[in-house]
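Novice: One structure, pasted below without further comment.
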Amino acid sequence: MNSQDILGNMVAALKGELGQGYSVISNFVQSQGNLLARQAENIATSRATGSLKNDDELFAFFLQGLQQNAENAAKSVVMLSALTIEQAWNAIAGALWGGVRAILTGAGFPANRLPETPPINL
């Protein structure tokens with residue numbers, strides 16, 4: 001194993017984690033965005049022609065619920081993004097550590113004296 005092998009492993013690990021993380025985040029955003037849009041549409045329709053037409057208090061209550069749902073969805077996207085970054089960091093660190101272990105053991109350093117995982121994970 002050489003430096004180019006290690007770099008290639010790190011890049012592959014990063015691409016894998018970021019691709020998977022993006023997929024999870026994208027699916028969540030599509031799902032939640034669809035639900036929030038439908039919720040907003042239902043509130044607007046009810047306000048224009050339905051039971052909320054003359055009920056300002058209930059209309060405000062439903063708008064507050066929509067706002068809370070939107071804020072919760074945004075916070076979830078932030079948390080999923082942070083998790084993806086952490087997983088990407090750990091994947092890169094794992095690939096780098098695997099290369100370091102391979103080089104050191106190949107040079108005769110006893111493998112049992114090296115931890116299996118990087119000394120520091122996020």
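The values are calculated or read from the model by the stated rules, or taken from the named source; none is laboratory data. Remember, it's a predicted structure, so these values are computed and weren't measured experimentally. Reconstructed Cβ throughout: ideal geometry from the backbone, glycine too, with neighbour counts over all protein chains shown. Note: accessible area is taken over every heavy atom of the protein model, side chains too, but ligands, DNA and RNA are not part of it. Shrake-Rupley method; radii C 1.70, N 1.55, O 1.52, S 1.80 Å.
Novice: How large is the accessible surface per residue of the stretch 36-86, computed with a 1.4 Å probe and reported in Å² as a whole number?
Specialist: 71
Novice: Tell me, rounded to the nearest percent, the portion of alpha carbon pairs in the stretch 82-122 spaced more than 12 Å apart.
Specialist: The share of Cα pairs beyond 12 Å in the stretch 82-122 comes to 59 percent.
Novice: Expressed as a whole percentage, what fraction of the accessible surface of the chain belongs to carbon and sulfur atoms when a 1.4 Å probe is rolled over the protein heavy atoms?
Specialist: Details: 5050 of 8380 Å².
For the chain, the apolar C and S fraction of the accessible surface comes to 60 percent.
Novice: Moving on. Give me the one-decimal nm value for the distance between modelled label points at residue 81 and residue 12, 7 Å along each residue's Cα-to-Cβ direction.
Specialist: 3.0
Novice: Still on this structure, I have one more. Please work out the C-alpha center-to-center distance from the stretch 42-78 to the stretch 104-119 and express it in whole Å.
Specialist: 58
Novice: Something else now. Mind pulling the per residue volume of the convex hull built on the Cα atoms of the chain? Å³ is fine.
Specialist: Values: hull volume 11.3 nm³, N = 122.
Looking at the chain, the number lands at 92 Å³ per residue.
Novice: Rounded to the nearest 10 degrees, what's the angle between the helix 56-106 long axis and the longest principal axis of the chain, both from Cα atoms, 0 to 90?
Specialist: Roughly 10 degrees between the two axes.
Novice: What do you get when you divide the Cα radius of gyration of the stretch 1-50 by 2.2 N^0.38 Å, with N the number of residues?
Specialist: That works out to 2.19 for the stretch 1-50.
Novice: Give the angle, between 0 and 90 degrees and rounded to the nearest 10, that separates the Cα long axis of helix 3-49 from the longest principal axis of the Cα atoms of the chain.
Specialist: It is inclined by approximately 10 degrees.
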